[in-house]
Amino acid sequence: MNIDRRAVLGAAAAGALPFRSARSQAANTIRIGVLNDQSGPYRDLSGPYGVMCTQQAVAEFGQRGFNVEVVNADHQNRPDVGANIARQWYDQGVDVIVDVPTSSVGLAVNNVAREKNKAYLNTGSATSDLTGAQCSPNTIHWMYDTYMLAKSTGAAMVRAGGDSWYFITADYAFGHALERDTGNFVRAAGGRVLGAVRYPFPATTDFSSFLLQAQAARPKVIGFANAGADLINSIKQASEFGVTRRGIKLAALLMFLPDVHSIGLETAQGLVLTESFYWDLNDRTRALTERLRPRLRDQVPNMASVANYSCTLHYLKAIADMGVAASKASGVDVINRMKAMPCDDDAFGPGTIRVDGRKLCPSYLFEVKSPRESRGRWDYYKLVQTTPAAEAFRPLNEGGCSLVRS
């Protein structure tokens, strides 16, 4: 198995990627491009760890008669940079792009993949529009989206009495979609949305003025429609301001295990959040975590990074099933083959992929443990509720996807 692990973090600026040798142009080589945030607010969610999980899937897949190369680049959370890298990669021989957090970047790459008729497996963007108004026959959306997060976390908090909300929202496609979807669930459950404030992304680190605006509205819940370093700073600053001592609950609408680790259990305890993966969920997730330890070292896989493992493994199974030549001829054909094949891996267990490109898996509502409840490093969650895969995501006929026949 030929795995190219060279990082190409300067790809956006340099405009050239390492596909110039005769060997790398071989028709029997599948090229996987991991495109994500390697230097900004989402770095610790996937970034280099997402690349490592992709490499793990390649290694476990083994030699099936073709070679696999993995390259990676930093899209800097800019749609223009992400789209330019995607276009260069596809033109220079990359067969599939995976990951792509930051919904504005994810939607931009979605358009490029369709234009080039290449395969695109998005694990990092949260916007549910990828399987809705902007769905594509070239794209599969893995792991989670704003509808799933809103239904699980938002609806649970309303049932617990949090029936008036104010949102602090990252001002780009992801934040807008998460605020929209959560607000819809709050109102459907009889709650009220008192308002929202949107902050510049990714240029904001001080959330004090936004927290003051939220407090002034006197909601029962402040919903953070953001993620990564922004969410960490929001919750830490809310704690410093004593927001929860005033009886206001905090809703972390997209929170990952590394975020909890950065915040610390003393501050994060009691928060509820939704993920589709937890390293200590069952025997299969624990076994995968052990296999990943040599790569991740002091980290454990989280929902964002491990989704790269899952989608890459399923993609390679589809390539083995249909053949390298056929897969290179049409990205749509690859995606259709993936949709036709049942999914099963140690990260998410059995699953299916719908016609709109939505990968289905259960969602899990977790509560963050207190320091006293935790048995040690990374033992941070207790399971509150499971939503089955068939119920976790937006119904197929409600998304407005053009691939869905009425």
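The values are calculated or read from the model by the stated rules, or taken from the named source; none is laboratory data. What you see is a predicted model; the values in this text were computed from it and never measured. Heads up, the Cβs are rebuilt from the backbone with ideal geometry, glycines too, and the neighbour counts pull from every protein chain shown. Remember, those area values only see protein heavy atoms, side chains included, never the ligands or the DNA or RNA. Shrake-Rupley method; radii C 1.70, N 1.55, O 1.52, S 1.80 Å.
Inside the range 260-292, can you point out the residues that are of a type in the set (D, E, K, R), within 25 Å of residue 229 (Cβ to Cβ) and free of Cβ contacts under 8 Å to residues at least 24 places away in the same chain?
The answer is none; no residue qualifies.
Identify the residue in the range 193-214 that is within 24 Å of residue 134 (Cβ to Cβ) and in contact with a Ser or Thr (Cβ under 6 Å, 6 or more places away or on another chain) and, among all such residues, is most open to solvent (accessible area, probe 1.4 Å).
Looking at residues that are within 24 Å of residue 134 (Cβ to Cβ) and in contact with a Ser or Thr (Cβ under 6 Å, 6 or more places away or on another chain), I get 198.
Name the single residue that is nearest to the chain's Cα centre (by Cα) among those in the range 171-192 being of a type outside the set (Lys, Arg) and either open to solvent by 50 Å² or more (accessible area, probe 1.4 Å) or over 28 Å from residue 132 (Cβ atoms) (or both).
Ranking the candidates gives 176 first.
Within the range 282-300, can one find any residue that is closer than 16 Å to residue 143 by Cβ and surrounded by 16 or more Cβ atoms within 10 Å (Cβ to Cβ)?
yes
Suppose the filter is at pLDDT 95 or above and closer than 30 Å to residue 249 by Cα; does residue 148 pass it?
yes
Suppose we keep only residues that are open to solvent by less than 10 Å² (accessible area, probe 1.4 Å) and outside any helix (DSSP H, G or I) within the range 32-48. Which one would you say is modelled with the lowest pLDDT?
46
When residue 307 is evaluated against the numbered criteria (1) of a type in the set (Gly, Ala, Ser); (2) open to solvent by 60 Å² or more (accessible area, probe 1.4 Å); (3) part of a helix (DSSP H, G or I), which criterion, by number, is the only one it fails?
In the conditions (1) of a type in the set (Gly, Ala, Ser); (2) open to solvent by 60 Å² or more (accessible area, probe 1.4 Å); (3) part of a helix (DSSP H, G or I), residue 307 misses (2) alone.
Scan the range 144-157 residue by residue and report those that are among the hydrophobic types (A, V, I, L, M, F, W, C), crowded, with 24+ Cβ neighbours inside 10 Å and out of contact with any strand residue (DSSP E or B) (no Cβ under 7 Å at 6 or more places or on another chain).
150
Filter the range 129-143 down to the residues that are open to solvent by less than 10 Å² (accessible area, probe 1.4 Å) and modelled with pLDDT of 95 or more and list them by number.
Residues satisfying the conditions are 130, 131, 132, 135, 136, 138, 139, 140, 141, 142.
Hand me the list of helices (runs of 4 or more DSSP H) wholly inside the range 319-401 holding 3 or more residues that are open to solvent by less than 50 Å² (accessible area, probe 1.4 Å).
324-329, 331-340
Being open to solvent by less than 20 Å² (accessible area, probe 1.4 Å) and without any contact (Cβ under 8 Å) to a residue 60 or more places away in the chain is the filter; apply it to the range 49-88 and report the residue that is farthest from residue 288 (Cα to Cα).
83
Pull up the range 91-102, narrow it to residues that are over 14 Å from residue 140 (Cα atoms) and open to solvent by less than 10 Å² (accessible area, probe 1.4 Å), then point me to the one that is farthest from the chain's Cα centre (by Cα).
That would be 94.
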